[in-house]
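To start, the structure itself, in C-alpha cells.
The values are calculated or read from the model by the stated rules, or taken from the named source; none is laboratory data. From a predicted model like this one, the values you see are computed outputs, not experimental measurements. Here Cβ is always computed from backbone atoms with ideal geometry, including for glycine, and neighbour counts include all displayed protein chains.
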Amino acid sequence: MTDVTTARARALAASALRNADVMFGADRALDRGGGSNWRARDGSDGSAEAARTSLRVKIANEYASVRTLARENELAGSKGEDGGRGRNGRGSSAAAEALVKVERKRKKEPSDIASMIDSIDEQDVRDGGAGAGPSTALAPFRGEDAKKNLPVSIFGRHANANTGANIAKRLASEWPEPEWRAPWKLYRVISGHQGWVRSVAVDPENKWFVTGSADRTIKVWDLASGGLKLTLTGHIEQVTGLVVSPRHPYMFSCGLDKKVKCWDLEYNKVIRNYHGHLSGVYSIAMHPTLDLLFTGGRDSACRVWDIRTKQQVYCLTGHDNTVGSILAQDENPQLVTGSYDGTIRMWDLAMGKSINTLTHHKKGVRAMVMHKKEFAFVSASADNIKKFSCHGDFMHNMLSQQKAIVNTLSMNDDDVIFSGGDNGSMCFWDYKSGHCFQQEKALVQPGSLEAECGIYASTFDLTGSRLITCEADKTIKMWKEDVNATPESNPILPFEPPKNVRRGGG
C-alpha cells in the first residue's frame, strides 16, 4: 500500500512538473529528497506565478526579433524529446521517464535563459504558432497576419513595408500619382506693418488673425475683409513667433528681445511674462491638450513652461544651434524640435529627455508641420523637404528641390503643403506623392527693394481654403484656389516618379 501511495505521489509531482513546463515555458528541477514535496530551482516553495509570468513576458519581448530565425535542428530535437511527454499522467513509469528527460535536458542546455527561449519556441509549435489561429499566449507570435492592423503607407500598403531597405525596392510605377489640383492665386495684399512680417497665427474661431513684425508690433486683422482691428505693443525687438490658445482667451508671443509674453485678448494687455531664455526666441508652440508652452531660441534650448504658474518645467538641451521650429503631439507626450544644426530631436515630455535624433538633413531645419490625420510630419531645410513618421522613421523626400532656404511650411486638410523661401519662391506640394504641382514667385510691393522678396511665415485658415503669407516687403498676402480652373486650362507641373528612394540624403 505504501508503494502504491508513493507511486501516486510521484506521478502527481510529475504531472505538476509537466503542467508548469507547458504553461510557463521553463524547465523545473525537482528536489530529489522529498517525494511529492518539490521546490523550484530558485528555492521558492509554491508556484510564484507572478514572477514567472513577468520573466516570460520579459524574455518574449526582448527576444521577439530573433524568434523567427531558422532553428530546424533545435526544434527537431525538442520535438523528439517532447514526443513522450503527454499532457495527462501515464503512470509511475512515464513519470520517472519524464523526470529523467527533464534532468538530461537541463544538463544538456547551455543556460537557463537558453532553455527558456527554446521552450517558448516549442510551445509556439505545439500550441499553434504563426498563422495557426487564435492564441492565448502572453506574447503571441505576430506573423504575416499582423500586417492587417498596420496603417497604410504612401504606396497603399502597410507601414512596415515603408521603412528601411523595403522602400528602396519599390518600383517607380508603384509611386502614387498626384491628383489634379486647382492652382492658388493671389487675391489680397494687406499693408500696415513698418518692417518685415515675421509671424502669423489664426483665431481658433476663424474670424481674425494676428501678425508679428520687425517693427515690434502685433496687429490683429479681420480674416474676411483684411481690415486692421487692433495694434498691440510691448516687445522691444522683432516679434518672431505667435500662437493663439484654442482653450483660453490668451495669445502668446516671442521675440528677439528674449521675452515670451502672454496676452489676455479680453483686455488686450500682457498678463504674464516668461523669463529664462538667454538670447532671442525664434519659435513658439502650444500643447494641444495640456497647459504647456514651448519656446526655442538662439541659446540652442527648447524651454517648456507651465502657462498658469509661469514656471519653467524643462530646459531641453542637446541642439548645437538655434531651435527654429517646434511641434507638439496630442497623441503622445512627445515633442519634436528642428534646429539650425541640421538635426531633428524627439523628446519625451514625461522624462524631459531626448529619445531620438534624426540626422537626415544636411542644412538647418527652419520649418516643420504636423499632418492632422496621419501620424507623420514634414520638415524643411535648404537641401530638401522630407517626410517622417512620428516614431522617427524616414519616409521619403519631396520629388523636387526648392532652391532656397525654406523659412515656413503650412498644410491644410486637403493635403496641400505650402513652402516659402527666403528668395520669395513659393511651392505647392501634393503630400501623398511629394510632387510640386505649382511654383510661384512673390511680387514685392511697389516702392520696396527687389531684395525684399522673402517669405518668413505662413498659415492656412481653419477651412484650408485661404493661405496667408508674411513677407519681407512688409506686406501680408492672401491666396485662394482658382475656382474657375480646370485640368485642361491649368494642368499641373509634369510629374516624374523617382528612380530610387534615397534614405534621407540630398
Of everything in the range 418-466 that's of a type in the set (Val, Ile, Thr) and modelled with pLDDT of 90 or more, which residue is nearest to Gln402 (Cα to Cα)? Ile455
Between a residue in the range 341-353 that is modelled with pLDDT of 90 or more and any residue that is assigned to a strand (DSSP E or B) and among the basic types (Lys, Arg), which pairs come within a Cβ distance under 8 Å, given they are 6 or more apart or on different chains? Trp347/Lys353
I'd like to check something: does the range 199-208 contain any residue that is more than 28 Å from the chain's Cα centre (by Cα) and surrounded by 20 or more Cβ atoms within 10 Å (Cβ to Cβ)? no
Filtering the range 260-278 for residues that are without any contact (Cβ under 8 Å) to a residue 24 or more places away in the chain and surrounded by 14 or more Cβ atoms within 10 Å (Cβ to Cβ) leaves a count of 2
Please determine, by comparing only the residues of the range 268-313 that are modelled with pLDDT under 95 and of a type in the set (Ser, Thr, Tyr), which one is nearest to the chain's Cα centre (by Cα). Thr289
Would you tally the residues in the range 209-220 being crowded, with 22+ Cβ neighbours inside 10 Å and not small (Gly, Ala, Ser)? 4
First in the range 474-498 and small (Gly, Ala, Ser), second anywhere and surrounded by 15 or more Cβ atoms within 10 Å (Cβ to Cβ), Cβ under 8 Å, 6 or more apart: Ala485/Ala182; Ala485/Pro183
Met286 passes all but one of (1) touching a strand residue (DSSP E or B) at 6+ places or on another chain (Cβ under 6 Å); (2) within 23 Å of Tyr431 (Cα to Cα); (3) surrounded by 18 or more Cβ atoms within 10 Å (Cβ to Cβ); (4) of a type outside the set (Phe, Trp, Tyr); which number fails? (2)
The residue from Asn321, Asn384, Asn397 that alone is assigned by TED's automatic domain parsing to the domain that holds Asp473, in contact with a Phe, Trp or Tyr (Cβ under 6 Å, 6 or more places away or on another chain) and more than 25 Å from Tyr250 (Cβ to Cβ) is Asn321
Within the range 325-334, of all residues that are at pLDDT below 95 and touching a strand residue (DSSP E or B) at 6+ places or on another chain (Cβ under 8 Å), the one farthest from Met370 (Cα to Cα) is Pro333
Phe388 versus (1) buried (at least 21 other Cβ atoms within 10 Å of the Cβ); (2) assigned to a loop (DSSP other than H, G, I, E, B); (3) of a type outside the set (A, V, I, L, M): which is the lone unmet condition? (2)
Just wondering, is there one or more residues in the range 418-437 that are on the phi > 0 side of the Ramachandran plot and touching a Gly at 6+ places or on another chain (Cβ under 7 Å)? yes
Every listed condition ((1) out of contact with any Asp or Glu (no Cβ under 8 Å at 6 or more places or on another chain); (2) crowded, with 19+ Cβ neighbours inside 10 Å) holds for Asn332 save (2)
Might you let me know whether the range 306-323 holds any residue that is small (Gly, Ala, Ser) and within 22 Å of Arg198 (Cβ to Cβ)? no
